[in-house]
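As structure tokens, the structure follows; a few thoughts come after it.
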Amino acid sequence: MGEPKDKIGLKEYTAIALFLIGIKATDDVPAMLFDSLKNAGWMGPIISGLIAILPLFLLLDIAKKYQSKNSIDIFYHLLGKYVGFFVLFLLWVAGFLYIVLDTATYSDIVATMYFPRTPAFVLYAILVGVSAYGAKRGLEHIGSVSWAVFPYLQATLLFAIILTIRHGNSGFLFPIFGPGEWEVIKESTMSVSIYIDFLYLFLLFPYVKSVKDFKKGTWIAFFIALFNLAISMVSFVMIFDYNTAMSLNYPYHEAIRSITIGFLTNLETFFFPFWLIATDIKFAIYFYINIFLFGKLFKIEHFEYIIPAFATLILFLGLIPESPTFSVFHMRHFFGQILSPVFFFLPILLWVLANVKGEMRK
Amino acid sequence: MRKIPIIAKILGSLLCVTILSGCWDQKETEELAYVTVVGLDKDEENENMVKVTYVIANPEVGSLAEGGGGGGEPPLETISFSASDFITSRSLANTVISKEITYDVLRNIMVSEDFARDKDFIRWMYDITKEMEIRRDINLFVTKEDPSAFVQNNQPKMDTGPHKYYELIFNRGQDTGTIPPSEVGQFFRITEADADLFLGIYGTTEKSDNYKRDRDPDQFMAGELNYEGQTNTTQFAGSAVFKEGKMIDTLTIEETRLSYLLSTTMKQPEALLVALPDPFHEEYEVATKIYREKDIQINVNLKRDKPSIHATVPIKMSILTNHGMTNLAKYRDNREKLKKAFEETLNKEFEEFIKKTQEEYGSEPFGWSLAARKKFRTIPEFEEFDWMKTYPEMDVSIDTQIDLENFGRQTDLPKMKEVRD
């Protein structure tokens, strides 16, 4: 399929963006935040979100300025041929590692919480296989599937959260500042990389119908994702209290195991399939963006043909870490802290350069 | 678009069949033994072992699958043996039980009092958080005797299916406030927070010699109700008190009910039926139905030299009996007097119980540390404050506010003097 022929609309783009970020509430991102922020973990997404507004705003401004240009060309244009290539290459490497670690986490969730007897390799292969197939179908397909299933997934997530809050106790949210105000601000700043997916989505802006839609979609997705993250973390604290929440690996999956509606007890069997669909879509998007970037970097026109090779590589790399629950968790944590400044400063750099160059042209 | 050959489509759907059936985790419900209760007890000979008891429900009993013939199978099967933990015991059990042991429908964990009082008890409890099949909202109950004896003596005449029996008796007990809500998840939470006490359900099948220790009919716990008749020997009443993951004492029904009324975290019972002394006639008692409609209000004051707690307990009350035959309908003063007297009685009972928790336990089962947490900005400050250390020293005052609701179907009673005239 190569480059997308049709452009995706506002709805599709917003759904895609939400899948990338909103679903983080259900993996080990909350565990990461609880680890350092204790019961103030829910402030993490809010504070880092406030910080993320600046780079986001600048990115959108750049997109507006260079509407007619391709996103990849913007990098070359602003940073020069060599530096531009280098930065894009690093972004690609980061994205690639991110997929490896993320897929490892998600297949670990399935393996430890739902299918303990199935070999990790099989679960991993199915996850990667389905996502690679989704990526192969191209951006338009991913977009329409995202939009088609998004309302159901959002509704089930909210439903799970409401049930969790109903079982919970708001007293657990206190002392309100957890480990201390400074600690909260510091740690939240370090985890601004939760929103780094917007940097990758920026690469897709030429394939959204209009820059106006891109802008609107980004802000809508940003605020809904922020809300999802914050409210689900509030619900986790409310049901478990911080000591338990800190020691859980995957709070969402523990929460849906702890809630009941009247006589209905094993509710996780209801929420799990929805979560699986969301996971597959999320990785289909990741795969697509990453391979798209790779194709652009090395000027491969029909980049969809490298998808199988990529998928296999990711699969084997992801299987390397021993006891993924810990090792991948730490790698992701470490990786997130490295990426946070990248996400914050790269858009600033691009924007400053864009303005300097713009003035020079005048 | 390129046409996909039909053979590829068939192969693709066949592949889906293998994946959708659940891979290696596929299970046949017919081939599983459903454990509904796990019992844990100390192994007398080896301290690194536990005695595991399983109550395995027969899913066919009570269902339509049983058919019209009545079915000869018993509703449950029990087995007790020693194992290093209750995870590895699953495969050990299969030397006797023909089906694979599953914890999918496990709803209750039962531990002997002896084991619960052991300092190593908590090590085995945390196995629950590791096992994928066990949920956090299962019930924890403590039995006075060995669980293996308990399950053998426990022979409900009706509701013979074990899952149904435990669910019904626990729900009923929690509705009447005789036993506390006792979820394993809460046990972990309270133990980890290291501030409050956890209350577990207390039960036994052995009758105690210690029938009704004093005049008050609510001052007893499991095994102390003296009854006759053809029914089960099992009693669930009162609570087991856990401090820092170790059982330290038991509470009577009355103390359990007081805990309910003072608690900020427990789900309130439907209504408590309590007999209180009649202020007009010393020799009689007035049966009342009380419940707490609103949340208890707790004011923690840490500013003063000696930290203090002031709690306001809003109670709705209905009068069920009036053996003194006092005219309450006609005279407002009488009602006020009744209200005042009951408020005082309850205040006194609350305060006595709180004093007991301060002096004997050094903490409380009411979840009050949560109210104190609100007074702090950060967790390190709260940990510095150390609730368990401060609570015994605190000044606690209770203010019960009774709202009299109704006085029964017929409010007026004949005057005793006229009847006997």
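Data overview
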{"read-out": "Relative contact order (percent, whole number), chain B, Cα cutoff 8 Å, 6+ residue spacing", "value": "12"}
{"read-out": "Positive-pole candidate from A:I126, A:H141, A:S247, dipole of the range A:10-361, charges at beta carbon", "value": "A:H141"}
{"read-out": "B:E31 versus B:L302: modelled label distance in nm, points set 7 Å from Cα along the beta carbon direction", "value": "5.8"}
{"read-out": "Volume per residue of the C-alpha convex hull in the range B:27-153, rounded to whole Å³", "value": "117"}
{"read-out": "Relative contact order [Cα under 8 Å, 6+ residues apart], the range B:27-252, whole percent", "value": "18"}
{"read-out": "Separation between Cα centres of the range B:303-369 and the range B:261-275, rounded to whole Å", "value": "13"}
{"read-out": "A:K299-A:S210 FRET efficiency (beta carbon distance; Förster radius 35 Å; 0.05 resolution)", "value": "0.80"}
{"read-out": "Residue-averaged beta-carbon neighbours from other chains (10 angstrom radius) around B:185-193", "value": "5"}
{"read-out": "Packing-based exposure ordering (other Cβ within 10 Å, fewest first) of A:Y106, B:Y202, A:Y114, A:Y82", "value": "A:Y82, A:Y114, A:Y106, B:Y202"}
{"read-out": "Calculated SAXS-style log₁₀ I(q)/I(0) at q = 0.11, 0.15, 0.24 Å⁻¹ - the range B:185-280, Debye, Cα scatterers", "value": "-0.39, -0.70, -1.29"}
{"read-out": "Selection from A:P55, A:A40, A:T26 lying farthest towards where the dipole of the range A:1-57 points positive, charges on Cβ", "value": "A:P55"}
{"read-out": "Compactness of chain A as Cα Rg over 2.2 N^0.38 Å, two decimals", "value": "0.97"}
{"read-out": "Cα-based helix-to-principal-axis angle, B:6-20 vs chain B, degrees rounded to 10", "value": "40"}
{"read-out": "Angle between chain B longest axis and helix B:162-176 axis [Cα atoms, degrees, rounded to 10]", "value": "20"}
{"read-out": "Cα long-axis angle, helix B:184-193 against chain B (0 to 90 degrees, to the nearest 10)", "value": "70"}
{"read-out": "Residue-averaged [θ]222 nm for chain A, counting only DSSP H segments that reach four residues, each worth -39500 (n - 2.57)", "value": "-25500 deg cm²/dmol"}
{"read-out": "Nearest-20 debye value, the range A:10-361 charge dipole, Cβ charges on Lys, Arg, Asp, Glu", "value": "1000"}
{"read-out": "Prolate/oblate/rounded call for the range B:95-247, Cα gyration tensor, a/c under 1.5 rounded", "value": "oblate"}
{"read-out": "Unit charges on C-beta of K, R, D, E only; dipole of the range B:271-421, Debye", "value": "580"}
{"read-out": "Cα gyration tensor, chain B - rounded (a/c under 1.5), prolate or oblate", "value": "prolate"}
{"read-out": "Protection proxy ranking of A:215-223, B:8-16 - average other beta-carbon atoms within 10 Å, highest first", "value": "A:215-223, B:8-16"}
{"read-out": "Of the chymotrypsin sites (Phe, Trp or Tyr not before Pro) in the range A:259-327, those whose Cβ has at most 16 other Cβ within 10 Å and which sit in DSSP loop", "value": "A:F263, A:F298"}
{"read-out": "Neighbouring partner chain Cβ atoms per residue of A:171-183, average, 10 Å criterion", "value": "5"}
{"read-out": "Under Karplus coefficients 6.51, -1.76 and 1.60, residue-wise ³J(HN,Hα) of the range B:404-415 in Hz, glycine/proline x", "value": "6, 9, 9, 10, x, 5, 9, 7, 8, 10, x, 6"}
{"read-out": "Exercise: per-residue mean of other protein chain Cβ atoms within 10 Å, B:134-141", "value": "3"}
{"read-out": "Spatially proximal aspartates and glutamates relative to A:K357 (Cα-Cα < 19 Å; intrachain offsets below 8 disregarded)", "value": "A:D61, A:D73"}
{"read-out": "Within the protein assembly as shown: Cβ-based charge dipole about Cα centre, in debye rounded to nearest 20 (Lys, Arg +1; Asp, Glu -1)", "value": "4620"}
{"read-out": "Sorted by Cβ density within 10 Å, fewest first, the residues B:S239, A:S48", "value": "A:S48, B:S239"}
{"read-out": "Viscosity 1.567 mPa s, 4 °C: Kirkwood-radius Stokes-Einstein D of the range A:237-362 over Cα pairs, µm²/s", "value": "67"}
{"read-out": "Cα gyration tensor category, rounded, prolate or oblate, for the range A:1-126 with a/c compared to 1.5", "value": "prolate"}
{"read-out": "Gap separating the Cα centres of the range A:54-81 and the range A:147-192, nearest whole Å", "value": "33"}
{"read-out": "The protein assembly as shown pair-distance distribution - Cα-Cα, 20 Å bins, rounded %", "value": "14, 39, 30, 14, 3, 0"}
{"read-out": "Of A:P116, A:T164, A:G217, farthest towards positive along the dipole that unit charges on Lys, Arg, Asp, Glu beta carbons give the range A:10-361", "value": "A:G217"}
{"read-out": "Sequence of B:E255, B:E192, B:E133 once ranked by neighbouring C-beta atoms within 10 Å, starting from the fewest", "value": "B:E133, B:E192, B:E255"}
{"read-out": "For the range B:282-421, convex hull of alpha carbons as volume per residue, Å³", "value": "129"}
{"read-out": "Qualifying lysines (Cα of each under 22 Å from Cα of A:K136; at least 8 residues distant if same chain)", "value": "A:K5, A:K7, A:K11, A:K209, A:K282, A:K296, A:K299, B:K3, B:K9"}
{"read-out": "Formal net charge of residues neighbouring A:G318 (Cβ-Cβ distance under 10 Å; K, R +1; D, E -1)", "value": "-2"}
{"read-out": "Span from the the range A:11-31 Cα centroid across to the the range A:301-357 one, whole angstrom", "value": "16"}
{"read-out": "Relative contact order (%) - criterion: Cα under 8 Å, at least six apart; region: chain A", "value": "41"}
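Computed from the coordinates by the stated procedures, all read-outs in this text should not be read as laboratory data. Just so you know, these numbers come straight off a predicted model, no measurement behind them. Backbone-built Cβ (ideal geometry, glycine too); neighbour counts: all protein chains shown.
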